[in-house]
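Undergrad: To start, I am sharing the structure in question, which I have written as structure tokens.
The values are calculated or read from the model by the stated rules, or taken from the named source; none is laboratory data. Fair warning: this is a prediction, and the values are worked out from it, not measured in the lab. Cβ atoms come from the backbone with ideal geometry, glycine included; neighbour counts cover every protein chain shown. Surface areas here come from the heavy atoms of the whole protein model, side chains and all, with no ligands, DNA or RNA. Shrake-Rupley method; radii C 1.70, N 1.55, O 1.52, S 1.80 Å.
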Amino acid sequence: MAFEKLAELIFPNVDKTTQYYLEKYPKRNLKEGAVVCRYAPSPTGFQHIGGVFAALINERLASQTEGVFFLRIEDTDQKREVEGAIEDTIATMHNFGMDFSEGMTGQNTSKGEYGPYRQSERADIYKTFAKDLLLKGLVYPCFCTPEELAELRERQVANKITPGYYGEYAKFRNITEEEAIERINNGESYILRLKSPGNIENRVEFHDLIKGDISFPENNQDVVIIKGDGLPTYHFAHAIDDYLMRTTHVIRGEEWLSSLPIHVQLFDVLGFERPQYAHIPTIMKQEGGSKRKLSKRKDAEAAVSYYKEVGYPTVCVIEYLLNIVNSTYEEWRAENPTADYHEFNVQLEKMSKSGALFDLVKLNDVSKDVIARMPANEVYDQYTTWAKEFDNEMFELITSNETMAKEVFNIDKEGPKPRKDFAKWDEVKDKIFYFFDELFYNETAEQVELPKTLSLENAKAVIEEYAKRFTFNIGSQETWFEELKAIGTELGYCANRKEFKANPDAFKGMISDVAGAVRSALSHRTNTPDLYTIMQIMGEEKVRERFERFLSL
Ligand code: GLU
């Protein structure tokens, strides 16, 4: 065999054979059609919403087919590792309803028979396969310095030649064993490259589960498989890991699509059966007339932490992401308003092939729908959990007025068209503050809203009379309104729009102004849920007190 001495020199500690690993990690014994897939982040500590999106698609497919969804940590670029990132990833995914059936379970722990699940602990495995390829003459050491490579590139660009390390430009492609040994013994640094058997004249046909049929020229670049630090490149690790972990579906971001020629070639060279691939469109954001990638730097919503901070219930984000995954989700949801989202069947082939548009307005719509369907008790529980962390004042107010808070969250919930008040928990305070004296009486006179058609003076006159005459326990919304109308009419407000329009000077205003005055006295706002319900929740004492205070404004 070629390069035997060189292989011993480079890999003196490899004591296993490739066969050993192939047997150690046998094909999984799962039912027909079961999808084995993974989430494979680098532990950089930043959770991008795109990661949750990718994980969700993987998790759904594994779960739908009773397959396996595992967590692999891609930490071969050790500079980037942030402490606690693995636990954070696991907790985030759990929070988004995803649990890994296998793989890393903590910083230093894992479960499953196909580990280690952290690439930095798999060096022996990569080396075994790299050594095997070296012995077969399919891999060689390259001693080029970064300067030399940059120079080569410049030369190629200047001469309008495809840049890269390939064919005749691959300086060390045909290095002799003696020369390689000598250079290594002289202490020269090197990396290992694949001696690419590809020819760009040939095309590879490929079926991507999202993108459909694609074809591309064979890879002819002698790509790096083992870096100077002895760790593998993404390409090599992907081939080794996904084969030995018996991944059936590699479902990952489309930024990897352009590397597919390399990956397909590596699988072939290694003698591995290829997995199925699905390349997920990148999450984009509309900006003016154009679309751009959701950016970690520019867009708060790129960070998963954002959703927690502003208080989107995770299930709303999941529902929204499922809308992006399959546009049929919306229809399914309309037909199955109360079904659990797990019952929806995610289909890769129905996914949009181009950029997935991320739209906060749409997220808010979805979220409002979800919260509107949530029972008041659950709204209370979720809101208090959020407030405990992000709004202490509201947490105290809500939990010390639990009964009232639950009634507030129950306003207009039970009808066929439940109110859609909140998209996220940080909007709650603004919409319900007036139920709490501590917040309500803190408002300044400038914050008091009145209907445009009503002066403060007239509003006070209305409240003065109304406070004297209204019946608190009147029995129903209808009778309550009849009474308000009667009082208003006597005060010179008109109960009929047509009549008012025909002769506006004959009236002080419309009955809606009377209701507006009451609304403002009770809430300082012009837009609230049903007034009768609000009054019932506040109770007579509070209502009367507010009328009093309004008169002293
Ligand atoms: N570590 C790679 C990344 O974060 C994983 C890509 C893949 O799923 O293969 O982009």
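Undergrad: Would you be so kind as to identify which of Val204, Ile184, Asn219 lies farthest towards the positive end of the dipole of region 180-229, taking Lys and Arg as +1 and Asp and Glu as -1 on Cβ and the Cα centre as origin?
TA: Ile184
Undergrad: Would you work out which of Ile161, Cys144, Asn174 lies farthest towards the positive end of the dipole of region 137-189, given +1 charges on the beta-carbon of Lys and Arg and -1 on that of Asp and Glu, about the Cα centre?
TA: Ile161
Undergrad: Test of understanding: what is the full-extension gain from Ser352 to Lys498, defined as 0.36 nm times their sequence separation minus their Cα-Cα distance?
TA: 47.4 nm
Undergrad: Provide the packing ranking of 168-181, 247-260, i.e. peptides ordered by the mean count of other C-beta atoms within 10 Å per residue, highest first.
TA: Going by the mean number of other Cβ atoms within 10 Å, highest first, we get 247-260, 168-181.
Undergrad: Full-extension gain between Asp505 and Asn377, please, as 0.36 nm times their residue separation minus the C-alpha to C-alpha distance.
TA: Result: 41.2 nm gained on full extension.
Undergrad: At what distance in angstrom do the alpha carbon centres of region 368-428 and region 208-247 lie from each other?
TA: Comparing the Cα centres of region 368-428 and region 208-247, I get a distance of 48 Å.
Undergrad: Could you pull out every one of the lysines with an alpha carbon less than 22 Å from that of Lys211, ignoring same-chain neighbours closer than 8 positions?
TA: The qualifying lysines are Lys285, Lys291, Lys293, Lys350, Lys353.
Undergrad: Once the Cα atoms of region 359-426 are picked out, what are the Rg and Dmax in Å?
TA: 12.2, 37
Undergrad: Work out, step by step, the length gained on full extension between Thr453 and Glu87: first 0.36 nm times the residue separation, then minus their alpha carbon distance; give nm to one decimal.
TA: Extra length from Thr453 to Glu87 when fully extended: 126.0 nm.
Undergrad: Report, to two decimal places, the Cα Rg of region 171-283 normalised by 2.2 N^0.38 Å (N = number of residues).
TA: So the Cα radius of gyration is 1.21 times the expected 2.2 N^0.38 Å.
Undergrad: Is there a quick way to get the dipole size of region 68-129? I mean about its Cα centre, with the Cβ of Lys and Arg at +1 and of Asp and Glu at -1; what is the value in debye to the nearest 20?
TA: Roughly 160 debye for region 68-129.
Undergrad: Quote the relative contact order of region 309-459 in percent (integer), defining contacts as alpha-carbon pairs under 8 Å separated by 6+ residues.
TA: About 27 percent, as a whole number.
Undergrad: Could you work out how far helix 477-490 tilts from the main Cα principal axis of the chain, as a 0 to 90 degree angle to the nearest 10?
TA: For helix 477-490, the angle is close to 50 degrees.
Undergrad: Tell me, how many Å apart are the Cα centres for region 1-54 and for region 111-176?
TA: 18
Undergrad: Further question on the same structure: Can you work out the FRET efficiency for the pair Glu113 and His207, with r the C-beta to C-beta distance and R0 = 25 Å, to the nearest 0.05?
TA: So, using R0 = 25 Å, E works out to roughly 0.25.
Undergrad: Quick one: dipole size for region 413-519, taken about the Cα centre, charges +1 on Lys/Arg Cβ and -1 on Asp/Glu Cβ, in debye to the nearest 20.
TA: Roughly 500 debye for region 413-519.
Undergrad: If you split all Cα-Cα distances of region 64-179 into 10 Å bins from zero, what percentages do you get per bin, shortest first?
TA: Bins of 10 Å from zero give 11, 26, 23, 20, 18, 2 percent of pairs.
Undergrad: Another question, if that's okay. Treating the beta-carbon of each Lys and Arg as +1 and of each Asp and Glu as -1, no other charges, what is the dipole magnitude of the chain about its Cα centre, to the nearest 20 debye?
TA: 1040
Undergrad: Under a plain spin-label model, where a point goes 7 Å from the Cα along Cα-to-Cβ, how far apart in nm are Glu541 and Thr403?
TA: Each label point lies 7 Å from its Cα, and together they span 1.1 nm.
Undergrad: While we're on this one: Can you pull the three principal axis extents for the Cα set of region 123-189, in Å, largest first?
TA: If we take the Cα atoms of region 123-189, the spans are 40, 25, 22 Å.
Undergrad: Angle check, please: helix 234-244 long axis (alpha carbons) against the longest principal axis of the chain (alpha carbons), in degrees 0 to 90, nearest 10.
TA: 90
Undergrad: Summing Lys, Arg as +1 and Asp, Glu as -1, what charge do residues with Cβ under 15 Å from the Cβ of Met284 carry, Met284 excluded?
TA: Charge balance near Met284 sits at +2.
Undergrad: When the convex hull of the C-alpha atoms of the chain is computed, what volume per residue in Å³ does it have?
TA: 213
Undergrad: Next question, about the same structure. How do Phe216, Phe46 rank by accessible surface area computed with a 1.4 Å probe, from largest to smallest?
TA: Reading off the accessible areas and sorting them downward yields Phe46, Phe216.
Undergrad: Hey, how many Å between the Cα centroid of region 261-279 and the Cα centroid of region 474-516?
TA: 76
Undergrad: Turning to a different aspect of this structure: Would you work out the relative contact order for region 455-553, in percent, from Cα pairs under 8 angstrom that are 6 or more residues apart?
TA: That works out to 31 percent.
Undergrad: Translational diffusion coefficient of region 239-284 at 25 °C, 0.890 mPa s, Stokes-Einstein with Kirkwood Rh over Cα pairs, in µm²/s as a whole number.
TA: Translational diffusion coefficient: 222 µm²/s.
Undergrad: Give the angle, between 0 and 90 degrees and rounded to the nearest 10, that separates the Cα long axis of helix 260-270 from the longest principal axis of the Cα atoms of the chain.
TA: 40
Undergrad: A further question on this structure: Do you know the relative contact order of the chain, to the nearest whole percent, from alpha carbon pairs under 8 angstrom that are 6+ apart?
TA: 11
Undergrad: Output the antiparallel fraction of DSSP beta bridges having both residues in region 205-326, as a percent to the nearest 5.
TA: 60
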